[in-house]
1. To the nearest 0.05, how large is the calculated FRET efficiency for residue 367 and residue 42 if R₀ is 60 Å and r is the Cβ-Cβ distance?
2. Cβ neighbours within 10 Å, averaged per peptide: list 258-265, 350-357, 152-159 in order, most packed at the top.
3. If one takes the longest principal axis of the Cα atoms in the chain, at what angle in degrees, from 0 to 90 and to the nearest 10, does the Cα axis of helix 254-273 lie?
4. Report P(r) for the range 305-403: all Cα-Cα distances, bin width 5 Å, range 0 to the bin holding the largest distance, values in whole percent.
5. From the Cα trace of the range 202-402, what convex hull volume per residue do you get, rounded to a whole Å³?
6. Give me the compactness ratio for the range 155-248, meaning the Cα radius of gyration over 2.2 N^0.38 Å.
7. Calculate how many DSSP beta bridges within the chain are antiparallel, expressed in % of all such bridges and rounded to the nearest 5.
8. Residue 95 label point, 7 Å along Cα→Cβ, cut-off 12 Å on backbone N: hits in the range 53-77?
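Derivation of every value follows stated rules applied to the coordinates shown; laboratory data play no part. Source: prediction; values computed, not measured. As a convention, Cβ positions derive from the backbone with ideal geometry for all residues, glycine included, and neighbour counts pool all protein chains shown.
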């Protein structure tokens, strides 16, 4: 091996290739495997001696984690997040972490818990009010300081929040869900242990699994897809196609649970580095106004948004790349080398029908709410990456079919 040193003046100025330009950001370290939770004590000890452990409603589920921390000499203060995090949740957690002199924040739970922990870690080191940094309802300032050490441990397989650079927060006052977003928020370590999902009930397995599928399909067909995220999406979609039904039917199936954990992780990496689309564009305002879990909303919307995208693309971009990509998604889902986009829509529609997924009307959403929800969705950042600009009428049609 030889090392060649060059003076700065020998290096050509950076030039961006107009046909391809992307970046890829992820957690500093990702640890995947059954039983890896036992490593948390040693991992955490390298970042400090006091941790804020953010859990779901039942903090007793984190007892193995807490025991591992105690063994390693890491003190812990627990903070329970009962539902989807609100601005006040982050403010309370940040104050608790400061009072407890916590040096790191560990999120142990589903996407809501991880988002709350991620936001708390960010606000521990950045001055000012949370609203200073929020998009849409806040001042949208950029975070300037690296978050306090954030370690993410997902217990569901769906959101991929362990490797994303945003935290979705609800503002009841504005009836909206908005994001705190920055690459400075990425986890220092993500520990993905499929064993933690073994006890998930079938309905939660189904809704989170369909969220994972949505977060693999949307980045693959979106306007900002790139070769790195394409590979993640391809592998993730195949794993969901072969394992989601089995994970719902038999929660102790190790192979199925592992597949879904991989798919969720890959979906998080893909969405963080490519983007999403109209499913998530609509899901934000729906979740802000109604008590509907994010995964359940995405599950109900997915086949109808796929269908309206296909019809719009055929009308307005028939020679575009997105149509070919929908055909490829259909082949991965169905296992049929001759499948086209419509076959993929049918496959997803049948999957949603077979699994315990509720229509959106079960959460109180009615036809009279559609126009307002569509108007709010127009401002969502996810909508900007959809493969085709959808009209309000097209979005309303997809939403009504999901009711």
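1. 0.65
2. On the way: 258-265: 26.4, 350-357: 16.0, 152-159: 28.9.
The most tightly packed comes first, giving 152-159, 258-265, 350-357.
3. That works out to roughly 90 degrees.
4. 2, 12, 19, 20, 21, 16, 8, 2, 0
5. Working: hull volume 20.3 nm³, N = 201.
It comes to 101 Å³ per residue, whole-number rounded.
6. Here the answer is 1.20, to two decimals.
7. Within the chain, antiparallel bridges account for around 25 percent of the total.
8. none
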